[in-house]
1. Report, in deg cm²/dmol and to the nearest 500, the calculated mean residue ellipticity at 222 nm for the chain, where each DSSP H run with n ≥ 4 adds -39500 (n - 2.57) and the sum is divided by the residue count.
2. Hey, in the GNM for the chain with a 10 angstrom Cα cutoff, which one of 31, 73, 45 fluctuates hardest?
3. I need to check one value: relative contact order of the chain, counting alpha carbon pairs closer than 8 Å and at least 6 residues apart, in percent.
4. What ranking of 15, 98 emerges when the number of other C-beta atoms within 10 Å of each C-beta is taken as an exposure proxy, fewest first?
5. Of 22, 40, 81, which has the largest mean-square fluctuation in a 10 Å C-alpha GNM of the chain?
6. Which length gain, in nm to one decimal place, applies between residue 80 and residue 5 when the Cα-Cα distance is subtracted from 0.36 nm times their residue separation?
7. Provide 6, 77 in ascending order of the number of other Cβ atoms located within 10 Å of each residue's Cβ, fewest first.
8. Efficiency by 1/(1 + (r/R0)^6): what FRET value for residue 104 and residue 68, r their Cβ-Cβ distance, R0 = 35 Å, to the nearest 0.05?
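Only the coordinates and a few stated rules stand behind these numbers; no lab work does. All values derive from a computational prediction rather than experimental measurement. Because the Cβ atoms are built from the backbone with ideal geometry, glycine has one as well, and the counts that use them run over all protein chains shown.
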């Protein structure tokens, strides 16, 4: 079972804005903190608390991709917490995805 208050690292991949990696902190169903932790300059269009995903949101994104007949989805799950850790959505010529890892409970 996943903790209700946790942190994880999130990176947007492919042809979507956001880049990363970002360290996101989630308490319940709300993202309460989004901090850029990359070594490059912070992306101009980054991830904000208002639009950052929770782990549940990542499950929803994978489910939406699997439901769309025009999208090829490849997903790998975290062996400890069983959340989507690496997802790719191929729309033909373009694609997008995310990496999500280093999940840890916050006490």
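1. It lands at -4000 deg cm²/dmol.
2. In this elastic network of the chain, the residue with the biggest mean-square fluctuation among 31, 73, 45 is 45.
3. 31 percent
4. Starting with the residue having the fewest Cβ neighbours, the order is 15, 98.
5. Per the Cα network of the chain with a 10 Å cutoff, 40 tops the list.
6. 25.4 nm
7. Ordered from fewest to most neighbouring Cβ atoms within 10 Å, 6, 77 come out as 77, 6.
8. Rounded to the nearest 0.05, the efficiency is 0.65.
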